[in-house]
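Just below is one structure, and these are the notes that go with it.
The values are calculated or read from the model by the stated rules, or taken from the named source; none is laboratory data. None of the values given here were measured: they were computed from a predicted structure. A quick note on method: Cβ atoms are made from the backbone with ideal geometry, for glycine too, and the neighbour counts reach across all protein chains shown.
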Amino acid sequence: MCEGLDVARSEVEVVTGQRVSIGKLYELFAELRDELREALSPKPERDAYSIAEFCERHGISIPMYYKLREQGLTPLEFRVGVRVLISKEAAAAWRREREAASAAATAA
């Protein structure tokens, strides 16, 4: 049994000193369980990424992305309204190009 938790009583005193009914406690645990399931469940893969999402997925900073853009080394982008997006195909092509460039530099 948890210290300070008497399940025979209809309410418990939580760490903050508030008294909470057992029913409310179960409800809070259920909400937390549902939030954790949602947070940990796999998300469907998107077909296009924002620049921030692309950077996060590829482990580069946003400022580095813009430095690479100045050098013409970023993936193909497209616009939807004011949003700039990168398709997953363009991201895959970019990775292949970067890998080939790295291999060529290493071989030289």
How many residues does region 43-57 hold that are in contact with a strand residue (DSSP E or B) (Cβ under 9 Å, 6 or more places away or on another chain) and over 15 Å from ARG69 (Cα atoms)? 6
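If I filter region 63-75 for residues that are touching a helix residue (DSSP H, G or I) at 6+ places or on another chain (Cβ under 6 Å), free of Cβ contacts under 8 Å to residues at least 60 places away in the same chain and outside any helix (DSSP H, G or I), do I get at least one hit? Spell out the reasoning first.
Residues of region 63-75 touching a helix residue (DSSP H, G or I) at 6+ places or on another chain (Cβ under 6 Å): 65, 74-75.
Applying the additional criterion that residues be free of Cβ contacts under 8 Å to residues at least 60 places away in the same chain yields 65, 74-75.
After this cut, where a residue has to be outside any helix (DSSP H, G or I) as well, the list is 74-75.
Yes - at least one qualifying residue is present in region 63-75.
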Would it be correct to say that VAL12 is modelled with pLDDT under 95 and assigned to a loop (DSSP other than H, G, I, E, B)? no
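Tell me the residue from ARG37, ARG79 that is loosely packed, with under 12 Cβ neighbours inside 10 Å and modelled with pLDDT of 95 or more, please. Can you show your working first?
Numbers: ARG37 fails: modelled with pLDDT of 95 or more.
Unique residue meeting the criteria: ARG79.
If I ask for residues that are among the small types (Gly, Ala, Ser) and exposed (fewer than 10 other Cβ atoms within 10 Å of the Cβ), which ones from region 56-76 would you list?
If the condition is that a residue be among the small types (Gly, Ala, Ser) and exposed (fewer than 10 other Cβ atoms within 10 Å of the Cβ), then GLY59, GLY72 are the ones that fit.
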Go through region 67-82 and give me each residue that's of a type outside the set (S, T, N, Q) and farther than 19 Å from ALA48 by Cβ. LYS67, GLU70, GLY72, LEU73
